[in-house]
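A.B. asks: Got a structure here, written out as structure tokens. Questions coming.
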Amino acid sequence: MSKSIGIGFLGGGPVTQAIHLPAIATLGESFRTVRVMDVNPVVANEVAARYGAIGSTHAAPIYEDPAVEVVAICSPNAFHAEQVMASCRAGKKAVLCEKPLAVSKEEAAAIREAALKSGTAIFVGTMHAYDPAYVEARDAWRQTGDSAIQVRNAIFLPTNDVYTDQATELVPVPAPQRQSGLLDVSIKKTMMRGAMLGLAIHDIPLVRDFHPNMGQLKSASFLPPFGYSLVSEAEDSTAELTGLMPGVWPPKWTFEVVGRSHRWYAEMPPSYVMAGSARIELSGSSGTRVFQSGTNGYQKLWQAVSDTVRHGAPPPIPLETAIDDLAFALDLADGIDHLLEKAA
Ligand SMILES: NC(=O)c1ccc[n+]([C@@H]2O[C@H](COP(=O)([O-])OP(=O)(O)OC[C@H]3O[C@@H](n4cnc5c(N)ncnc54)[C@H](O)[C@@H]3O)[C@@H](O)[C@H]2O)c1
């Protein structure tokens with residue numbers, strides 16, 4: 001293998017420590033971690049030290065270091081767009097930005113312009129969209145010629161600690177104080193937008209594969225402590241999206257499509273879990289086919305980054321598609337705002 005591709009992390013928190021670094025470790029010598037930047041110096045330096053990398057509390061060294069060919073953006077959502085664009089301006093070969101790519105359509109448009117100018121390949125961390133079993137089973141559905149009548153995406157998760165504790169020993173940071181009491185409309189709107197851009201967005205690329213137009217948002221409810229239940233109805237199909245966390249029950253993450261002659265049913269692996277792909281059943285009159293792989297979406301995502309950087313392969317999910325995915329999530333959030341205001 002030719003030399004390892006150098007990565008610089010912007011944000012060294014749970015997702016860097018418990019998702020990306022373990023996923024990269026399964027890919028042999030493909031990548032090496034060169035730098036870790038975090039506003040918290042303890043996190044930056046301890047995470048960097050574990051990988052023989054250099055820690056910093058400022059982003060500039062990541063942009064300026066030519067050994068950093070790929071920037072992995074794992075900071076809080078509000079910083080994503082600015083950091084993607086700075087990576088483009090620095091002439092990086094690729095950026096893997098955690099979801100969401102940005103928090104507004106204006107930011108997404110500015111990213112498009114910066115990436116076109118620099119030629120930087122942009123990947124978004126929507127891991128299920130890269131899951132090899134998902135891709136194969138979606139293509140098998142398309143070959144049936146069937147179309148979706150109903151799409152159901154249901155995400156029920158315990159706290160992230162359950163996964164991060166199993167994946168790694170996180171560098172400790174103090175926990176924030178929890179808020180309690182009744183929520184007014186503006187808080188509900190903020191929570192629902194956060195849920196669309198934080199949780200629902202994981203599977204928006206999948207939803208759009210089967211239910212491409214949002215249509216009309218028929219209902220939307222906030223589910224305490226943090227979750228949503230909504231129904232969007234387009235001309236040919238309906239999508240029901242539910243998410244709820246943290247629960248005390250085991251995780252359940254499903255994606256189901258009912259068509260005119262087929263049913264497509266997936267049990268998806270939750271975030272942080274490095275235990276292979278989704279398990280998907282495609283059932284029709286000729287029987288049931290099962291799709292499953294030992295490789296998960298995060299590993300495929302990093303393999304795709306490697307293929308782009310080493311061989312110039314186009315990203316499997318074009319930036320334009322990722323921007324449309326984000327726009328769909330933002331349209332849902334706007335529709336929810338409208339329904340919550342109307343109900344108040
Ligand atoms: N793909 C997935 O499965 C998945 C799962 C969970 C979260 N995420 C996404 O990953 C990102 C990071 O999630 P997390 O749970 O690690 O978040 P977090 O907020 O717990 O941690 C992010 C880290 O970024 C640091 N930080 C704060 N401001 C920064 C800045 N300006 N620049 C660089 N670092 C900064 C924080 O100190 C912290 O260590 C989020 O965007 C989230 O939406 C993805």
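A.B. asks: In the range 60-89, which residue that is over 19 Å from Ala48 (Cβ atoms) and away from the ligand (no atom under 15 Å from the Cβ) is surrounded by the most Cβ atoms within 10 Å (Cβ to Cβ)?
C.D. replies: The residue in question is Cys88.
A.B. asks: At least 2 residues that are among the aromatic types (Phe, Trp, Tyr) in each: list the strands (runs of 3 or more DSSP E) lying fully within the range 261-334 that qualify.
C.D. replies: In the range 261-334, 263-267 are the strands (runs of 3 or more DSSP E) which contain 2 or more residues that are among the aromatic types (Phe, Trp, Tyr).
A.B. asks: Mind checking which helices (runs of 4 or more DSSP H) fall wholly inside the range 24-131 and carry at least 2 residues that are of a type in the set (S, T, N, Q)?
C.D. replies: 80-89
A.B. asks: Do any residues in the range 215-234 that are in contact (Cβ under 8 Å) with a residue 40 or more places away in the chain and closer than 20 Å to Ala327 by Cβ have Cβ atoms under 9 Å from those of residues that are part of a strand (DSSP E or B) and of a type in the set (Phe, Trp, Tyr), where the two are at least six apart or on different chains, and which pairs are they?
C.D. replies: Ala220/Tyr228; Tyr228/Phe222
A.B. asks: Let me ask something else. Under the condition of being farther than 15 Å from Arg138 by Cβ and out of contact with any strand residue (DSSP E or B) (no Cβ under 7 Å at 6 or more places or on another chain), which residue from the range 270-283 is surrounded by the fewest Cβ atoms within 10 Å (Cβ to Cβ)?
C.D. replies: Ala275
A.B. asks: Give the residue, chosen from Pro205, Pro172, that is modelled with pLDDT under 95 and within 16 Å of the ligand (Cβ to nearest atom).
C.D. replies: Only one candidate qualifies: Pro172.
A.B. asks: Against the definition (modelled with pLDDT of 95 or more and closer than 20 Å to Ser306 by Cβ), how does Gly145 come out, yes or no?
C.D. replies: No: the conditions fail for Gly145.
A.B. asks: Another question about this same structure. What number goes with the only condition from (1) closer than 19 Å to Lys92 by Cα; (2) within 16 Å of the ligand (Cβ to nearest atom); (3) out of contact with any Cys (no Cβ under 9 Å at 6 or more places or on another chain) that Leu10 does not pass?
C.D. replies: (3)
A.B. asks: Follow-up question, since we're still on this one. Being more than 28 Å from Asp236 (Cβ to Cβ) and in contact with a Lys or Arg (Cβ under 6 Å, 6 or more places away or on another chain) is the filter here, so list the residues in the range 111-131 that pass it.
C.D. replies: Of everything in the range 111-131, those that are more than 28 Å from Asp236 (Cβ to Cβ) and in contact with a Lys or Arg (Cβ under 6 Å, 6 or more places away or on another chain) turn out to be Thr120, Gly125.
A.B. asks: Let me ask something additional. Within the range 205-232, how many residues turn out to be buried (at least 17 other Cβ atoms within 10 Å of the Cβ) and among the charged types (D, E, K, R)?
C.D. replies: Within the range 205-232, residues that are buried (at least 17 other Cβ atoms within 10 Å of the Cβ) and among the charged types (D, E, K, R) number 2.
A.B. asks: In this structure, is Gln303 touching a residue at least 60 places away in the same chain (Cβ under 8 Å) and in contact with a strand residue (DSSP E or B) (Cβ under 7 Å, 6 or more places away or on another chain)?
C.D. replies: No; evaluated as a whole, the condition is false for this residue.
A.B. asks: Could you please let me know if Val43 is within 14 Å of the ligand (Cβ to nearest atom) and within 16 Å of the chain's Cα centre (by Cα)?
C.D. replies: Values: within 14 Å of the ligand (Cβ to nearest atom): yes; within 16 Å of the chain's Cα centre (by Cα): no.
Criteria not met by Val43.
A.B. asks: For residues in the range 328-342 being surrounded by fewer than 18 Cβ atoms within 10 Å (Cβ to Cβ) and either under 20 Å from the mean Cα position of the chain (by Cα) or without any contact (Cβ under 8 Å) to a residue 24 or more places away in the chain (or both), which is farthest from Gly194 (Cα to Cα)?
C.D. replies: Applying the filter and picking the extreme gives Lys342.
A.B. asks: Output the residue which, of all residues in the range 136-159 that are part of a helix (DSSP H, G or I) and without any contact (Cβ under 8 Å) to a residue 12 or more places away in the chain, is surrounded by the fewest Cβ atoms within 10 Å (Cβ to Cβ). Before you say what the answer is, go through the steps one by one.
C.D. replies: Initial filter on the range 136-159 (part of a helix (DSSP H, G or I)): 136-144.
Going one step further and asking which of them are without any contact (Cβ under 8 Å) to a residue 12 or more places away in the chain, we end up with 139, 142-143.
Numbers: Asp139: 11, Arg142: 12, Gln143: 9.
Residue satisfying both the conditions and the ranking: Gln143.
A.B. asks: So, in the range 296-320, exactly how many residues are touching a helix residue (DSSP H, G or I) at 6+ places or on another chain (Cβ under 9 Å), exposed (fewer than 15 other Cβ atoms within 10 Å of the Cβ) and closer than 23 Å to Ala110 by Cβ?
C.D. replies: Quick first cut of the range 296-320, residues touching a helix residue (DSSP H, G or I) at 6+ places or on another chain (Cβ under 9 Å) only: 296-302, 313-317, 319-320.
If we keep only those that are exposed (fewer than 15 other Cβ atoms within 10 Å of the Cβ) as well, we get 313-314, 320.
Now drop any that are not closer than 23 Å to Ala110 by Cβ, which leaves 314, 320.
Number satisfying all stated conditions: 2.
A.B. asks: Please find, within the range 1-22, the residue that is farthest from Thr33 (Cα to Cα) out of those that are in contact (Cβ under 8 Å) with a residue 40 or more places away in the chain and of a type in the set (S, T, N, Q).
C.D. replies: Step one: list which residues in the range 1-22 are in contact (Cβ under 8 Å) with a residue 40 or more places away in the chain, which gives 2, 5-22.
Imposing the further condition that a residue be of a type in the set (S, T, N, Q) reduces the set to 2, 16-17.
Numbers: Ser2: 16, Thr16: 11, Gln17: 12 Å.
Across the range 1-22, the extreme among qualifying residues is Ser2.
A.B. asks: Counting just the residues of the range 97-107 that are surrounded by 22 or more Cβ atoms within 10 Å (Cβ to Cβ) and not charged (D, E, K, R), which one comes out nearest to the ligand (Cβ to nearest atom)?
C.D. replies: Among those residues, the one meeting the criterion is Pro100.
The values are calculated or read from the model by the stated rules, or taken from the named source; none is laboratory data. Worth saying up front: this structure is predicted, and the values here are computed from it rather than measured. Positions of Cβ are generated from backbone atoms using ideal geometry, with glycine treated the same way; all protein chains shown enter the neighbour counts.
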